1. Within a 10 angstrom radius of the beta carbon, how do 46, 8 rank from fewest other beta carbons to most?
2. Fewest Cβ neighbours within 10 Å first, please rank 40, 1 accordingly.
3. Could you give the length gained on full extension between residue 26 and residue 39, defined as 0.36 nm per residue of separation minus the Cα-Cα distance, in nm?
Amino acid sequence: MILLEIIVVSGTLARSVQQRRRELALLRAVGATPRQVLRMIGGEAVLVGGIGLCSAPSPASCSPCCCTPCSRPGARFRPASRW
């Protein structure tokens, strides 16, 4: 789950940088230092990662042990007791 989130966030960031190459080049042309440009990209990565982390479902809600089968074959699943 975490690996998938890392892949999605890195893909999103790479796509964003790819689409904004001209803007980044213009920032460099008007006097932004490489450090300033990297700080801007890093801030965006933290923002996208934070939103992804907050919007991702928790591993506990996605685990297969949150539902247990009934004792009868073909019966529906019922929620597991959490207490």
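1. On the way: 46 10, 8 14.
Ascending Cβ contact count within 10 Å gives the list 46, 8.
2. Numbers: 40 14, 1 11.
If I rank by nearby Cβ atoms, fewest first, I get 1, 40.
3. On the way: separation 13, 0.36 × 13 = 4.68 nm, distance 1.59 nm.
Full extension from residue 26 to residue 39 adds 3.1 nm.
Readers should treat all values here as calculations from the given coordinates under stated rules, not as data from a laboratory. Since the model is a prediction, treat every value here as computed from it, not as a measurement. Cβ coordinates were reconstructed from backbone atoms using ideal geometry, including for glycine residues, and neighbour counts include every protein chain displayed.
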